[in-house]
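Written below as structure tokens is the structure these notes are about.
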């Protein structure tokens, strides 16, 4: 190839690159990705490529992704033995991983690569959030450059920084604007199909946020189109029809996940009346921070609240709330102002806020990213035409108020009964908020040239986005108390555990052990597990929320905990393995342990069981089978009725249970098998959650499963019993059928719509 040909090819390549650089979507993507890169890269470098934070990110998000990666690749997507006492895999992971398109990208890599990927995927999520919001915002601004600015405000809001712990939340933020865009194209452009597909996308990605998105989009439609629904009944029916079609398309994951979640007792708890209205000092201080100051952290490390997982932040980088106030003051009758005013009522009245959580007592504020999109829209509209709005008076007033808050709050104290827990961190975020207001005002009135003015705004918001995101990341990582390298080294070290007897569990609720190793444990840190697990712990008088309770004496024996792991030398049990890297770990085997599967020759009813002392209930379950009151007549044909004893001898109970227990036990992702010899007709108990998908067979004959406080028992015969449990997720199968039918209908409608458009175009004028 001669020099002329090389030069020609090079020139062609440069022309193509310049064309790509002029593409709006690519430009928006790269700018938002770059901002995220600058914010997170130092954190990644400090961790030698490993990205960790603290709390839920380290103990849930990383282990969940690693477990799901391995399970999918091995085809173990029905029942998973490593999630708590065992759980439907789709039900447990549908919320956290399975709906995320970003998770499916990680399947290109081994599971151990995820801590190295997490930071880069965060950058990708920020970039997609920027693109989706840009595509929506550009419909409502005169100059699309300001839509780019709005995309940065949306993608790097305080909601995003505060929720860095919750990796899956950023998926909802990234894809929500597509649903609004699809709705706009339907009601304004009369383009059919896009709304249905965007609904499918959001419903599939995360059903928890989708419920909130549906509520918000109804409010949005009423503000946008007015209350005269009868006049627009055709349009309403179109929107409803496409919405239902989109939901049906997502049914393959949505249907089993929602039904699974409905078994969680947490969703039935309602916000108490005394919390419907909040007028306390701390509440108003939180409101002050939500809009005026950058997002910081949650939980015990929060500046304002000792324990708070509510995601309460709606800060816009640099510009804050000022531009939104300007817009509402000037255009009170505009649909956008109406929406912002109505949403502000939902913010300040806890009862209305809880509507997005279906009146749940958690009363989280996890719908704010939707409000933030419209705060960003109002802000860029003001920036685009600043002369029409009362910018000076609003921003000068905000500057004075916020400055006073920095220097005059009398409540700065780390005392738990005062309003400010971490005064130094609160001062930092306060100063960042004040300086952002000052810089916004300066840019708006210093630069007259439009290009320079826009560039200054974009650079300023970009810098603020980097600062606030990096600041919160640093706080979270600092709070973890360990380096990313130490966290990752521990995972790799524990993966060397070579003991995995299928009939026994590890005594641990440590997710990094039970999910990343993985071994079968006796608990987990997970919000979405089988409802029967909640029933089990409730019956013991120790309700389970997110963590599995440690439990009273006898619990670990009941759950077949033969092994445990610790970093201390325990002389009481036998060491079967020592693992050492940076730190030494000991794997212990208890001298006596019950396998999964053993018999009972006596029983008590559930009502009798609940009258016992809660501290004795685990021991009582070791001594006698607990059955529902309505099953007592049937069970009494094989077992003797027991009275609640005054004192229970744990060792004696274990010795009795060991006499007739599993001599063989096998398990996989869809079944488990046990062989038990009995000296008479009895019931065999298994500490496996009683999910509706289980079917039991004894010596090849189907038998009814008896629910034992959320766990399972089956009738067995005298002699050898080959007991087989098979698991089928019928909800997943039904959901798959619904999705297939919906996609076929969607394809047909798209084809019909394309044909209709073509006919319209071919019509002579």
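Taken together, the values in this text are just the output of simple stated rules run on the coordinates, not laboratory data. Bear in mind that the values here come from a model prediction, so they are computed numbers and not experimental data. Here the Cβ positions follow ideal geometry from the backbone for every residue, glycine too, while neighbour counts run over all protein chains shown.
Residue exposure proxy: 323, 441, ordered by other Cβ atoms within 10 angstrom of their Cβ from fewest to most, comes out as 441, 323. Restricting the calculation to alpha carbons of the chain gives Rg and Dmax of 29.4, 98 angstrom. Ordering 228, 365 from the fewest to the most neighbouring beta carbons within 10 Å gives 228, 365.
One way to sum up the overall shape of region 641-681 is the equivalent ellipsoid from its Cα gyration tensor, whose semi-axes run 27, 13, 11 Å, largest first.
Under 8 Å for C-alpha pairs, at least 6 residues apart: give me the relative contact order for region 598-727, rounded to a whole percent. Reported as a whole number, the value is 27 percent. Note on region 577-645: Kirkwood hydrodynamic radius from all Cα pairs is 14.7 Å, rounded to one decimal. How far, in degrees from 0 to 90, does helix 169-187 lean away from the longest principal axis of the Cα atoms of the chain, to the nearest 10? It is inclined by approximately 60 degrees.
Angle of helix 144-155 to the longest C-alpha principal axis of the chain, folded into 0 to 90 degrees and rounded to 10: 30°. Counting neighbouring beta carbons within 10 Å and listing from fewest to most, the residues 393, 205, 432 come out as 393, 432, 205. The length gained by stretching the chain between residue 459 and residue 109 to full extension, at 0.36 nm per residue less their Cα-Cα distance, is 122.5 nm.
Here the simple spin-label model places points 7 Å from the Cα toward Cβ, and for residue 348 and residue 277 these points are separated by 1.3 nm. Using a 7 Å offset from the Cα along the Cα-to-Cβ direction at both residue 42 and residue 450, what is the distance between the two label points in nm, to one decimal? Going from the residue 42 label point to the residue 450 one covers 3.6 nm.
Nearest-5 percent of antiparallel DSSP beta bridges in the chain? Working shown, then result.
Values: 47 of 56 bridges.
Among the beta bridges of the chain, antiparallel pairing accounts for roughly 85 percent.
Computed extension gain for residue 400 through residue 670, at 0.36 nm per residue and net of the alpha carbon distance, reaches 90.8 nm. Using the Cβ-Cβ distance between residue 592 and residue 240 with R0 set to 45 Å, the FRET efficiency works out to roughly 0.15.
Please work out the FRET efficiency for the pair residue 577 and residue 485, using the Cβ-Cβ distance as r and a Förster radius of 22 Å; give the result to the nearest 0.05. Please list the in-between numbers first.
On the way: r = 23 Å, r/R0 = 1.07.
For R0 = 22 Å, the calculated efficiency reads 0.40.
With only Cα atoms counted, region 152-272 has Rg and Dmax values of 15.8, 45 Å. Which angle from 0 to 90°, rounded to the nearest 10, does the C-alpha axis of helix 251-261 make with the longest principal axis of the chain? Its long axis makes an angle of about 60 degrees. Here r is the Cβ-Cβ distance between residue 232 and residue 636 and R0 is 60 Å; the resulting FRET efficiency, rounded to 0.05, is 0.40. Based on the Stokes-Einstein relation at 37 °C and a viscosity of 0.692 mPa s, and on the Kirkwood radius from alpha carbon pairs, region 500-589 is assigned a translational diffusion coefficient of 233 µm²/s.
For region 482-622, relative contact order (Cα pairs under 8 Å, six or more residues apart, normalised by length) works out to 24 percent. Taking 0.36 nm per residue of separation and subtracting the Cα-Cα distance, full extension of the segment from residue 222 to residue 651 would add 147.8 nm. Contact order for the chain, expressed relative to its length and based on alpha carbon pairs under 8 Å spaced 6+ residues apart, stands at 15 percent. Per the Kirkwood formula applied to alpha carbons, region 622-707 shows a radius of gyration over Rh ratio, Rg over Rh, of 0.95.
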